[in-house]
Amino acid sequence: MKSISLYRLNAIILLGILFVMAMYYGRVFFIPLSFGIILSMLMLPVSRKLEQWGMNRFWATMVCVLIILLLVAGFIMIIAAQATSFSEDMPQIQEKLHELMNQIQTWIEQQFGVSPQKQLAFIKSQIAKFSASANRFFTSVLQGTVGIVTAFVLVILYMFFLMWKREKYKTFILQLVSSENQTKAKKTLEQITKVSGQYLTGRLISMLFVAVFYSIAFTILGLKNAILISVIAVIPNLIPYVGAFVGAFFPLIMTLISGSTGMFIPTVVILISGQAIDNNIIEPLVMGAQLSLSPIMTIFAIVIGELIWGIPGMILFEPLFAIIRIVCSHIPELNPFSYVMGDDSEFEKKPEWIAKIKRAFSGK
């Protein structure tokens, strides 16, 4: 068996360390670029269809950008409309919150012997400490808002230029590959483009399903502002696994505050049912096998992404790992890595009804 030299091993480790450092310190550049790349791959089929209908590529790209902007604007309008309705119910919510706080104070007094006066004194001292740092807090929020707007503008610009001049970038990548590997490289690029767009499409369809499911179920349950609560609960679902737990926190709190204690258990059942249907039926249908990372690799992607890029990394590193898996599957020496990153469930035989639905989604 041929062994790897110590010099080559050290060079690989050093290259890996430098790559991670570049991603960490260059995250202001790489995060908007990565979102721009994924959005461009998502809208690529739309642009191609418009070009087939005779539209100039520039204007086809502009239409794709306009679609993204309209989707974002529509999402903001839904939140704003629901927030207005939510503000009208604030007096009732404050009253419920006051009752809940009294119950908590009584429980603390009974369990730990701390009087409500001492509890209030402790809370006031904490509020005073918070007020001292309020200016810094609001300054950081303002800076963060400006940063988000700037990053969004950069994402749109990256998306536009990547789609408009896409042949140039594709040719550049192919020129880096030897002539005998050109066919394989083209196939790999096509697969990466398909999977990246499929990831975001699948994630959005999954979130839309969960939002509709929650909205209908919460409305039937009688929970006020069901749509707003559902949308806020679904947003964290962009992050696999972790997002479901984070998103469940707000509906449970609002159930206790604006609903009744009898609604708590049904709300838990609704949250678990929505996630179960989404994880076992919706996501496997809309994501596709090529994105099927093993659960432990998905967790690795979330943890490593958070360490390097924070919350955007938790969203972006799952498709990045899927792309790495595709590249490894086309290089014989790296096939074991593709195998270990894949989900074993994709090799299991699926029930016939699931296969039929998958064929319906794929149009085959």
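The values are calculated or read from the model by the stated rules, or taken from the named source; none is laboratory data. Here the structure is a predicted model, which is why all the values come from computation and not from measurement. We place every Cβ from the backbone using ideal geometry, glycine too, and count neighbours over all the protein chains shown. Ligands, DNA and RNA are excluded from the accessible area calculation, which covers all protein heavy atoms including side chains. Shrake-Rupley method; radii C 1.70, N 1.55, O 1.52, S 1.80 Å.
How about segment 1-37: which of its residues are at pLDDT below 85 and in a helix (DSSP H, G or I)?
Within segment 1-37, Leu6, Tyr7, Arg8, Leu9, Asn10, Ala11, Ile12, Ile13, Leu15, Gly16 qualify.
Run down Met263, Met287 and say which single residue is at pLDDT below 85 and touching a Leu at 6+ places or on another chain (Cβ under 9 Å).
Met263
Among residues belonging to segment 325-364 that are modelled with pLDDT of 55 or more and within 18 Å of Arg203 (Cβ to Cβ), point out the one that is surrounded by the fewest Cβ atoms within 10 Å (Cβ to Cβ).
Asp343
Among the residues that make up segment 186-200, is at least one of them out of contact with any Lys or Arg (no Cβ under 6 Å at 6 or more places or on another chain), small (Gly, Ala, Ser) and crowded, with 18+ Cβ neighbours inside 10 Å?
yes
Right, Val141: among the aliphatic types (A, V, I, L, M), under 19 Å from the mean Cα position of the chain (by Cα) and either exposed (fewer than 10 other Cβ atoms within 10 Å of the Cβ) or modelled with pLDDT under 80 (or both) or not?
no
On the given criteria, is Phe172 loosely packed, with under 15 Cβ neighbours inside 10 Å and on the phi < 0 side of the Ramachandran plot?
Taking the combined requirement at face value, the residue satisfies it.
So that you can scan it fast, the table gives a plain yes or no per residue for (1) closer than 16 Å to Tyr199 by Cα; (2) at pLDDT 80 or above; (3) out of contact with any Lys or Arg (no Cβ under 9 Å at 6 or more places or on another chain); (4) basic (Lys, Arg):
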| position | (1), (2), (3), (4) |
| --- | --- |
| Ile227 | no, yes, yes, no |
| Gly259 | no, no, no, no |
| Trp309 | no, yes, no, no |
| Pro312 | yes, yes, no, no |
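Which residues, taken from segment 233-268, are in a helix (DSSP H, G or I) and within 13 Å of the chain's Cα centre (by Cα)?
Ala233, Val234, Ile235, Pro236, Asn237, Leu238, Val242, Gly243, Ala244, Val246, Gly247
Please work out if Leu42 is closer than 28 Å to Arg166 by Cβ, open to solvent by less than 50 Å² (accessible area, probe 1.4 Å), part of a helix (DSSP H, G or I) and without any contact (Cβ under 8 Å) to a residue 60 or more places away in the chain.
no
Search segment 223-234 for residues that are of a type in the set (Ser, Thr, Tyr) and pair each with any residue that is modelled with pLDDT of 85 or more when their beta-carbon atoms are under 6 Å apart and the residues are at least 6 apart or on different chains.
The qualifying pairs are Ser230/Ala211; Ser230/Tyr214; Ser230/Ser215.
Tally time: how many residues in segment 175-185 are touching a residue at least 12 places away in the same chain (Cβ under 8 Å) and open to solvent by 50 Å² or more (accessible area, probe 1.4 Å)?
Number of matching residues: 1.
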